[in-house]
Every structure is written in C-alpha cells, then in structure tokens.
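Coordinate-derived values only; no laboratory data. All values reported here derive from a predicted model rather than from experimental measurement. We place every Cβ from the backbone using ideal geometry, glycine too, and count neighbours over all the protein chains shown.
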Amino acid sequence: MSNIKIVCRACGAQFEFERPLPACPNCNNHWLDAEYELTHPQQNGHLAQKGHDWLRQLDGRGATLWRYRELLPIHDDENIITLGEGWTPLLRAHNLGLMLGHPNIYIKDERQGPTGSFKDRQAAIAISVMKEAGIKEAVVSSTGNVAIAYSAYSARAGIKLWVFVTSSVPADKMREVALYGSEVIKVAGTYDEAKRIAAEFAASKNLFLDRGIKGIAAKEAMKTLAFEVAEQLGSIHAGQNSTILNGSHYPWRTPDWYLQAVSGGLGPVGVMKGFAELKRLGLVEKLPKMGLFQTSGCAPMATSFHKGLSVAENVKEPRTDITTLATGAPGEAYEVLYELLAQNGGTIDAITDVEAFNALHLVAKMDGLSVEPATAVTFAGLFKLIREGKILPHETVVLNCSGHTFPVEKHIIGEHYSRDMALPDTAELSRSNRSREEGLLTALEELDSRVQRITIVEDNLDAARLIRRILQAQGDFLIDEAHDGHAGLRLIQNTRPNLVILDLMMPELDGFAVVEAMKADPRLRDIPIIVITAKELTGDEKERLDGQIKALLQKGSFMDSDLLNDIQQALP
C-alpha cells in the first residue's frame with residue numbers, strides 16, 4: 001500500500017492521511033487533495049519503472065475500480081465496501097460517428113453501475129473511507145444520484161445516512177433513497193440552499209458531513225474513470241476488445257477530448273487528476289482537452305468562462321428542468337477547472353434544455369442508449385463543438401455517459417408514445433376462426449400508419465443503414481433499399497416512391513445517371529430527390545444537379561434533423 005499524504009490546495013501544507021479532515025489544520029481551507037508515494041516527483045526513469053511495475057500488478061486483478069487500490073485512499077482492504085462498481089464499457093458511438101463524420105467517439109457507459117450512475121464510484125470510495133474512519137452516521141446533500149448511490153453503499157456498510165435533497169428531485173428517487181433506510185429531508189429551495197442546511201444540520205448534531213469535491217474521497221473516486229479510459233483505449237488502439245482487461249499488455253492512451261456535463265465540477269476535476277497521475281507515472285503522454293457543459297438556465301461556469309473570469313459569477317435562481325445540473329454557486333471548483341482549461345485546452349459551454357432533450361431522443365434512437373438528461377446535455381455539447389469545428393474528425397473523444405434515464409421523467413418523451421390496438425368484439429370472434437383472423441389482420445393494419453414510401457439508393461451499407469435508422473426512428477415511412485445504381489433505378493420504376501434518397505458515387509450507374517434517367521421518364525420525373533454524398537462537387541457537377549434535386553447533404557456533416565427537415569419540405 002502506498003503512503004498517502006493530504007495536501008492543502010491553498011497553503012500547500014501536507015499531512016499524513018489517517019481519517020477524513022473537514023479542513024486544513026494549518027489555514028482552515030476546505031479544499032484538500034491526496035498524493036501518493038507512487039506519484040511523488042522522482043527521477044523520470046525510476047518513476048516510469050514504478051509505473052510499469054504497477055501495471056504488471058494489475059494483470060492479475062479483476063474488473064472493478066479497486067484494481068487501482070494503490071492509488072486510492074484506503075489503508076486496509078478489509079474496509080472496502082463494494083457492489084461491483086467500475087470497469088464500465090467504453091462503447092464506440094457507431095451510428096452517431098457515421099452521421100457526424102467523426103469515427104472516434106466513445107461513450108463511457110456509467111449507466112452500468114450498481115445504482116445506474118457514475119456516482120457509484122464516489123459512493124464506493126467515500127463510504128469505504130467512512131467505514132475505515134469508524135463513522136457511524138453521515139450527512140450528504142444531493143440532487144438525486146448521489147443520494148441513491150450513497151444510500152445503497154451506506155446500507156451495506158451499516159452507516160446511517162441523512163440525505164438533504166431539493167423538492168424538485170422526482171418523488172420516485174426520494175422513495176428509492178428511503179428504501180435503503182436513509183433519512184430523507186426535502187428542502188423547498190435551491191440545491192445550494194440544501195447544501196447549506198445540510199452543513200448546518202451536521203454541525204448541530206456533530207455528524208460527519210460529506211464535503212463532495214472539496215474532500216478527498218470524491219475526487220479520488222472519479223480519477224478511476226480516467227484510469228479505466230486510458231487502459232481501455234490502449235486495448236482499442238491495439239485492435240482488441242475494450243472489455244478485456246489490459247494491464248501491462250498494451251500501452252495506455254488518453255483521448256484528445258474528455259466531455260461531461262457539470263454541476264459542481266467533481267467529475268472532470270477528478271478525471272483530470274487521474275490522467276495527470278498517469279502522466280507523472282510515465283504511462284500516458286498527455287492530458288486531454290475538456291469539453292464541459294451546463295444548462296443555459298443555470299450556467300455560472302460557462303458564462304464566467306466566456307467572460308474570461310477566473311472566479312465564477314453565481315446564479316441565484318436556476319431556471320432549468322434538468323435539476324441535477326442546477327448548482328448556481330460552483331465556488332472553488334470553477335477556479336480549478338479554469339486553471340485546467342488554461343493548461344490543457346477546451347471550453348465550458350451552455351446548452352439549452354431543448355437542445356439537451358433533442359439530443360436525448362437522438363442518442364436513444366441512433367445508438368440505443370437511454371441516457372439521463374445530464375448526459376443529454378453532454379451529447380448536445382458534442383454536437384455543438386463538432387459543428388463549430390472545435391473537435392476535428394480525426395480526434396478521439398470520450399464522453400461520460402453519467403447515468404440512465406429515470407422512469408418518472410415523463411416530460412422527456414411526452415404522453416403520446418404508444419398506440420392502442422382494438423381487438424374485434426369477442427362475440428364476433430367466436431363465430432369462426434376465419435372471422436378471428438380477419439379481425440386481427442384489420443387491427444394490425446390499423447397499427448401501421450406509414451403512408452409515405454422512400455427509396456434509399458446507396459452502395460455503402462453502413463451509410464444506408466444509418467439513413468434507414470434515421471427514417472425508422474420517426475416511425476412513419478415505408479423504406480426500400482438498393483445498393484447500386486441499376487438496382488436502384490429498377491426499384492424506383494417498380495415502386496414509384498414518394499421520395500428518393502440517393503448517393504452519387506456508385507459503380508457502373510452513378511447517382512448523376514439515376515437522376516437523369518428519372519427526369520427523362522414521365523412517370524418518375526416528379527419524384528423528389530435528396531442527394532447525400534461524400535463527394536466535393538465541382539462547378540460542372542453542381543450545374544448537372546441544379547433544379548433536378550430538392551436538397552444536397554454532405555455525408556458526415558449532417559444531423560438527423562437536417563435530413564428530416566429536407567424530407568418534410570420535399571414530400572407533398
């Protein structure tokens with residue numbers, strides 16, 4: 001076990017880590033960090049050797065965050081409280097990558113944690129530290145996910161937990177917290193007010209107060225996400241499956257960008273600490289740029305960053321439906337992030353609730369991921385940075401998928417998400433099997449409201465599948481598909497669709513020839529055509545298409561909404 005020291009961010013004083021400290025004994029500052037003997041400055045060669053010795057120790061360990069226990073603030077493994085957290089999948093965003101023209105977008109799927117969010121990491125370390133310190137009761141404030149995770153781990157550790165939440169937290173989440181045996185105190189105010197009242201309650205009862213980002217455990221927990229990402233990207237770069245433990249087998253790698261929505265800033269602060277420790281150990285070469293995002297209704301960090309301020313201007317009254325991100329007073333966390341952005345590059349941007357919920361729908365429909373609204377903010381931020389040209393097509397991006405959509409958040413999908421199926425009258429059904437079959441067929445046909453027929457002519461199977469998926473997600477198109485120009489023209493002649501979506505660059509009969517053949521046929525000349533191509537058109541080629549097609553989209557640079565808007569305008 002490495003020796004652990006506590007370092008005060010304000011005065012630099014160092015102390016042996018024996019139990020959680022509420023503040024620096026020297027200057028009373030509350031921001032404390034952990035340092036390990038393994039990461040102390042030494043001669044580069046000796047330090048690198050220590051790093052590679054550590055990698056070899058990982059080869060024989062299991063797939064949880066505790067595989068990195070030498071760099072975690074626990075002295076005795078007997079005090080570890082675990083529910084199997086960590087080593088979550090690193091998934092390539094295949095369909096989104098195709099649509100955006102960025103093939104190296106990866107999603108760190110923290111939905112797979114024991115209680116469904118990345119706060120399981122924080123709870124595992126924080127509650128283990130409390131157990132080791134002999135703490136029997138603790139107080140925490142939360143907007144939802146921390147409350148659930150801490151409650152589950154506290155139950156396992158035998159620690160009584162007092163949870164202070166805002167009244168905007170969904171009732172089902174509060175009930176889950178209570179299910180674990182925690183005391184739930186609902187504060188009719190902002191999250192910042194809930195934090196203040198929680199601190200006052202802990203002081204009045206002489207109870208341990210979890211200090212989140214300012215304490216040790218929370219930041220140390222989040223750095224394990226960086227360790228996993230670097231280890232998994234090393235496997236991926238070597239052509240291996242990211243689910244296979246790497247250890248010393250392949251060099252570890254950092255992404256070019258790390259993206260996450262932020263409220264208090266804990267996630268990226270801890271993650272960047274993790275990447276920095278790996279760099280000091282000689283295991284990675286660089287730290288990533290950060291893309292951090294807040295809701296526009298509560299964006300003190302984003303607003304202050306774009307004003308060039310090193311200290312955040314607070315937001316007194318958050319106005320957002322995404323309550324998990326509604327921290328109006330980020331305090332010292334923003335100052336730390338501001339320094340990290342100055343050192344490594346990146347941005348903090350504001351995203352509207354509407355942009356976030358649109359992204360939530362898109363991610364679910366395109367890559368099969370149901371994500372919490374905070375993660376949807378991150379995806380919307382990804383789209384923004386790509387459109388602005390800040391994230392380049394060749395760059396590797398890792399996005400923190402921080403949690404799963406919660407069932408009670410009904411406003412995400414609305415009321416009309418299903419259709420009723422009326423079965424024939426039971427008396428009529430009993431007359432004959434034939435009438436039963438006819439009745440069922442009629443009912444099934446009524447379910448299918450698709451009346452518009454679209455033909456896709458595309459020789460690249462991945463691109464055809466992407467376009468089909470965008471259309472399928474709307475649920476109201478009949479879709480035919482052909483993979484070369486000759487087959488496509490025959491299909492169009494036979495089915496006479498309402499719309500053709502056409503690639504230009506195909507062998508034998510290309511898209512230009514398909515357009516000309518359709519316009520020469522009186523039966524087909526009025527069918528609208530949308531061209532989607534990777535080709536940069538010359539002036540002559542643009543002239544050939546002028547007046548012949550309804551829209552031209554560039555592969556890898558359009559969103560699903562761009563295509564759907566063009567379809568709506570093209571269809572009668």
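Partnerless cysteines in the chain, where a partner means another cysteine C-beta under 4.7 angstrom, comprise 298, 401. The order of 480, 546, 521, 353, going from fewest to most other C-beta atoms within 10 Å of their C-beta, is 546, 521, 480, 353.
Computed from label points 7 Å out along Cα-Cβ, the spacing between residue 543 and residue 167 is 7.0 nm. Computed from the Cβ-Cβ distance with R0 of 30 Å, the FRET efficiency linking residue 245 to residue 77 stands at 0.95. Using the C-alpha atoms of the chain, what convex hull volume per residue, in cubic angstrom, is computed? Hull volume over Cα atoms, normalised by residue count, gives 205 Å³.
Please arrange 550, 219 by counting, for each residue, the other beta carbons lying within 10 Å of its beta carbon, fewest first.
550, 219
At full extension, residue 13 and residue 561 could sit 191.9 nm farther apart than now, given 0.36 nm per residue minus the alpha carbon distance.
The 3J(HN,Hα) values that the Karplus relation (6.51, -1.76, 1.60; θ = phi - 60°) gives for the range 542-555 are, in residue order, 4, 5, 4, 8, 4, x, 9, 10, 8, 7, 10, 10, 8, 4 Hz. Gly and Pro appear as x.
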